[in-house]
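> One structure, pasted below without further comment.
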Amino acid sequence: MTKKHETLFWRLKGKSQEELVVLLEHLVQRQPEVEAVLELLVELPLSGTSVPEKQSRKHTIDPAAIRRQADVAFDRAGDDWDAAGRAAVELEQIYVIGQDFAQAGAWVNAQIVYATLAEEILS
């Protein structure tokens with residue numbers, strides 16, 4: 001993490017929950033594709049929560065959120081010679097979200113990420 005990122009995250013930690021929600025609303029308005037990422041990340045159990053809290057989160061993610069992210073990755077990549085490499089970088093970020101779910105023990109959500117991502121890549 002760069003010093004610039006550390007400074008930003010330090011400043012964000014000082015914000016209230018309401019302020020953070022307003023910041024996220026502004027971010028989604030400016031970059032609508034971020035909404036699909038947030039839909040997934042909001043379901044990811046955070047490392048600071050206790051085990052009972054993690055286990056109580058049984059909400060499964062919507063595969064449509066994965067599809068939207070994959071579509072954005074392919075759209076942004078373009079159609080020139082380097083498109084596959086650019087798409088792969090963004091698709092790997094989606095894969096990492098699946099890994100995060102798996103590491104948190106949220107196996108159903110991890111499977112949804114992996115299966116939907118594979119379907120989108122092969123379609």
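> Just checking, how many residues over the stretch 98-119 are of a type in the set (Phe, Trp, Tyr) and modelled with pLDDT of 95 or more?
Counting residues in the stretch 98-119 that are of a type in the set (Phe, Trp, Tyr) and modelled with pLDDT of 95 or more gives 1.
> Continuing with this model, one more query. Test of understanding: among Val34, Val28, Val42, which residue is in contact with a helix residue (DSSP H, G or I) (Cβ under 8 Å, 6 or more places away or on another chain), modelled with pLDDT under 90 and over 18 Å from Ala115 (Cα atoms)? Please lay out each step first, then the result.
Details: Val28 fails: modelled with pLDDT under 90; Val42 fails: in contact with a helix residue (DSSP H, G or I) (Cβ under 8 Å, 6 or more places away or on another chain).
Just a single option satisfies the conditions, and that option is Val34.
> As an exercise: evaluate Ala65 against (1) closer than 18 Å to Ala115 by Cβ; (2) at pLDDT 90 or above and give the number of the one condition it does not meet.
Condition not satisfied by Ala65: (2).
> Then there's this: Considering every residue within the stretch 108-123, establish whether at least one is among the hydroxyl-bearing types (Ser, Thr, Tyr), farther than 20 Å from Glu33 by Cβ and surrounded by 13 or more Cβ atoms within 10 Å (Cβ to Cβ).
yes
> Answer with yes or no whether Asp79 is among the acidic types (Asp, Glu), modelled with pLDDT of 90 or more, within 15 Å of the chain's Cα centre (by Cα) and over 21 Å from Val28 (Cα atoms).
On the way: among the acidic types (Asp, Glu): yes; modelled with pLDDT of 90 or more: yes; within 15 Å of the chain's Cα centre (by Cα): no; over 21 Å from Val28 (Cα atoms): yes.
Judged against the criteria, Asp79 is not a match.
> A further question on this structure: Take the stretch 14-31 and flag every residue that is β-branched (Val, Ile, Thr) and closer than 15 Å to Val42 by Cα.
Val21, Val28
The values are calculated or read from the model by the stated rules, or taken from the named source; none is laboratory data. Nothing here was measured: the structure is a model prediction, and the numbers come from that model. Ideal geometry is used to build each Cβ from the backbone, glycine not excepted, and the neighbour counts take in all protein chains shown.
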